[in-house]
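J.: Sharing a structure here in C-alpha cells format.
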Amino acid sequence: MANIKFSQFTNQPAADTSYLVGFDGSTNTNYTKEQLKDWLTTGNHAIPTLYSADGVLTSARAVDLSTFNLTFNGSSAGRIIYSGVGEAAGYVLKSDANGVASWGILSETGGGTNITSYNKGDIIYSDASNSLDTLSIGTVGQVLKVVGTNPNELPQWADETDTTYTGGTDISIDGSNVIAHDAITNTPAATSSTLTAGGTFTSINSVTVSTQGHLTGQTVETYTLPTDTDTTYAVSAVDGDVASEEKIVLTAGGSGTGTSTIVLEAGSDLSISRTASKITFTNDAPNEPTLAAGAIGELQYTNGTGGFVAVSNMTYTTKQLKVLNEVYLDGDGINSGIVKLGCENTGAPHYVGLEGPTHDGANAYIIKFPDATPTASQVLKVNTITGSTANMIWGAAADTNIANTDLTLNASRTLDLGTDQNLAFNGAGTSKITFSNLGGLQIDKDTTFKSNAIVEGQGYTQLTTTTYSSSVELDFNDSNVQTIELTGNITFSAPLNIKPGATYILILKQGGSGGHSVSLHSSMKLPSNATFVPTAAAGKADVLTMIAYSSSVLMTVATLNLATS
C-alpha cells in the first residue's frame, strides 16, 4: 500500500464497508473501506487518530516525541480531562518509577505528606526516614517533649510536672524536682599576700544563704597578727634516753622561750642511729630477701636461708626457656609427670602430651632419639638397649607389616570394611588361610564360592525343628533340613527363599496316635501320576527330598514309613 489513490463515493451508505475507496497503482490492487481501516489501525503501521466524536482505544499505543514537543492548545474553558482511573477530589497526577501516571495522594518522597485527613490541632512530624505522621493535640497544660533513644527520638505530649530540670552552678535538682545548693568549697587564689608580724588581714566571717540555696550576703572581720618580730627557733638532734631512741628538739630563741622535743623510737626488727643532725633507721630483718646478682636471663631460686641464688643452667630468652642437660617432671601422687606441647593459639587450647610411666611398672629408662633426620613414611622404633637407655632409630614403615611378625589378639576386635569395600586375600602356589581356633568359623551372610569347596571332614546342614501348625509356610533360610512332628492335619503354603539348584529335606513324623493328613503345595512336584499318602502309624516318619528346579518348582521324592527310634 505504498501508493494509494483514494476516491470518494458519497452515494454509498455509511454502514456499507464493501465499496472501493482506494487503488494501489504499484500492485494494481483495489482496497475497500474496511481493508483500509484495518491497515491503518493494526500492525506496526497503525496510527492513533483523534476524531471530533468520542473514541475507544482498543490496544496499547505509544507516541515517540523524539526531540519534538507535544502541545495541547485550547481556548476559553477547554482542558484535558483524565478520568475513570481512580480520580478523587484533592488527588494529584503522580508517576511511578517507570513513568506511569495515576491519580493519588502525593507521597513524602514526592514532596507531599501521604496523609488524607487531619484533626484540629494535629502536628505533622516525621516518624521514620521519608515518612510523615500526625500527633494529636494534647490536653491543657501539657508540654511537648522528646522521648525514646538515639536515633529513634519522637515528640510526645506530657504533663508539665514530668519535665526534667537541669541545675546550674552550685545548684542540683533531684528526680522529684527538689532544688538544693551544692556544698560550698573554698578555692584559694592562685597568689596570696605575705603576712608579717603585727600586720592585719580581712577574712569572711559568715555568709547568708536563701531558702532557695542562693548566696545572698556575707560578713567580714579584720584580724591583727602578734607584733613579736625577734623570736627564733633552732632544731637539733640529740641522744634518746635509751639505745632505741633518738630525739628532735625545737628550741625558741630571741624574745621566745621554751623547747619542744620529738622522740623517734625504733620498733621491732629496726635499729636507729644518729650522726650530728642525721638520724638513720635500719631494717635488721628484711621481709624480702635481696635477689642474687645473676646474668641477664638467668633464673633464680631460694637457697633455703632467706636468700636467692642465680643459676646459669636455667635461662630465659625471648619465647624460649633453656635448661641445661635435664628437666625432671615429678608426679603428684596420682598422675605421672606430663609434658604438654600446645598449639600456636594463645592459651594453647589444643596440645599433644607426653606422660611418664606408672609407679607399678617399677621401671626407669630413657628414650634416646636418633641422630639421623627421618624421611617420609619412616617410623620410630627401638634399635638397642644400653643400660636404662633405649636407643631409637628411624625405620621403614614396612617393618610393622603383619607379614613380618606374628600377632596375638587379646580382646574381641571388629574389622569394619565400610560401605561397598572388599577385603581380598591374594597368594600364589599353595598359599591358604587356616583357621585352627576351637570356635571354628562363623559367616553370618551369604557366602559365594567361585571354585570348588572341598570338605575333608563332614559337611552338613543342622536339623531344624519347625513348630507344627495346621498351615505352615516353610522358610528355607532357617535350614535346608527341617522336621515337623504332626499333632494334627497340616497344609503347606508356598515355601520362602527357594534357591534354584539347592536340595531341601523335610521330615514329617506322625505324632500322638498318628493318622494325620498332609496336603502339599503345588510347587512340590511328585513323579508323574504319583500322589503322596503319609504313613499313618504313630512314631513313623516320611522323608520328602526336594531339588529346586526353579524358585517355584521343587522336584519332590517321598521315602515312606521310616523308623524314628
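J.: Write down, largest first, the equivalent ellipsoid semi-axes of the range 92-148 in whole Å, where each equals the square root of 5 times an eigenvalue of the alpha-carbon gyration tensor.
T.: 31, 13, 5
J.: Return the Rg/Rh value of the range 199-340, two decimal places, where both radii are evaluated on C-alpha atoms and Rh is the Kirkwood radius.
T.: Working: Rg = 32.7 Å, Rh = 23.8 Å.
When Rh is taken as the Kirkwood radius, the ratio is 1.37.
J.: Using a 7 Å offset from the Cα along the Cα-to-Cβ direction at both Val352 and Val235, what is the distance between the two label points in nm, to one decimal?
T.: With each label placed 7 Å out from Cα toward Cβ, I get 7.1 nm.
J.: As a footprinting exposure proxy, order Lys540, Lys340, Lys432, Lys381 by other Cβ within 10 Å, with the fewest listed first.
T.: Lys432, Lys340, Lys381, Lys540
J.: Go through Lys445/Lys499; Lys499/Lys525; Lys499/Lys540; Lys247/Lys278 and tell me which ones have a Cα-Cα distance over 18 Å in this structure.
T.: Lys499/Lys540
J.: If contacts are Cα pairs under 8 angstrom and at least 6 residues apart, what is the relative contact order of the range 298-359 in percent?
T.: About 19 percent, as a whole number.
J.: Provide the descending list of Cα extents for the range 345-454 along its principal axes, expressed in whole angstroms.
T.: Result for the range 345-454: principal-axis Cα extents of 59, 39, 36 Å.
J.: Between Thr227 and Thr27, what length comes free when the chain is fully extended (0.36 nm per residue of separation minus the Cα-Cα distance, one decimal in nm)?
T.: Between Thr227 and Thr27, full extension yields an extra 57.7 nm.
J.: Which value, in debye to the nearest 20, describes the size of the charge dipole of the range 463-562 about its Cα centre when Lys and Arg Cβ atoms bear +1, Asp and Glu Cβ atoms bear -1, and nothing else is charged?
T.: Dipole about the Cα centre, nearest 20: 200 debye.
J.: In addition: Sort 293-304, 484-495 by packing, meaning the average of other beta carbons within 10 Å per residue, with the highest value first.
T.: Values: 293-304: 11.8, 484-495: 16.6.
Top to bottom by mean Cβ count within 10 Å: 484-495, 293-304.
J.: Now, a different point. I want to check the label-to-label distance for Thr448 and Ser260. Put each point 7 Å from Cα in the C-beta direction and report it in nm to one decimal.
T.: Here the answer is 11.6 nm between the modelled labels.
J.: Quick one: compute the contact order of the range 451-506, relative version, from alpha carbon pairs under 8 angstrom and 6+ residues apart, as a percent. All intermediate terms of the calculation are to be shown ahead of the outcome.
T.: Numbers: 71 pairs, mean separation 19.8, N = 56.
So the answer I get is 35 percent.
J.: R0 = 22 Å: FRET efficiency of Asn410 with Ile334, Cβ-based, nearest 0.05? Can you show the working numbers first?
T.: Working: r = 27 Å, r/R0 = 1.24.
Rounded to the nearest 0.05, the efficiency is 0.20.
J.: Using a simple spin-label model with points 7 Å from Cα along the Cα→Cβ vector, what separation in nm is obtained for Leu341 and Ser273?
T.: 5.9 nm
J.: How would you rank 360-367, 446-453, highest first, on the average number of other Cβ atoms within 10 Å across their residues?
T.: Packing proxy ranking, top to bottom: 360-367, 446-453.
J.: A further question follows. Among the lysines, which have Cα under 19 Å from the Cα of Lys37 when same-chain residues fewer than 8 positions away are ignored?
T.: Within reach: Lys5.
J.: Ok, one more. For the range 443-483, just the Cα set please: Rg and Dmax, both in angstrom.
T.: 14.1, 42
J.: Checking a compactness column here: for the range 232-283, what do you get for Rg(Cα) / (2.2 N^0.38 Å), N being the number of residues?
T.: It is 1.29.
J.: Kirkwood hydrodynamic radius for the range 463-562: how many Å is it when counted over pairs of different Cα atoms? Present the calculation step by step, with values, prior to reporting the outcome.
T.: Details: mean 1/r = 0.0743 Å⁻¹.
It works out to 13.5 Å.
J.: On full extension of the chain, what length is gained from Asp371 through Val220, given 0.36 nm per residue of separation minus the C-alpha to C-alpha distance?
T.: 44.7 nm
J.: How far, in nm, would the chain grow between Thr109 and Thr202 when pulled straight, counting 0.36 nm per residue and subtracting the alpha carbon separation?
T.: Values: separation 93, 0.36 × 93 = 33.48 nm, distance 7.18 nm.
Value of the extension gain: 26.3 nm.
Values quoted throughout were computed directly from the atomic coordinates according to the rules given, and no laboratory measurement underlies them. These figures come from a predicted structure and were not determined experimentally. Positions of Cβ are generated from backbone atoms using ideal geometry, with glycine treated the same way; all protein chains shown enter the neighbour counts.
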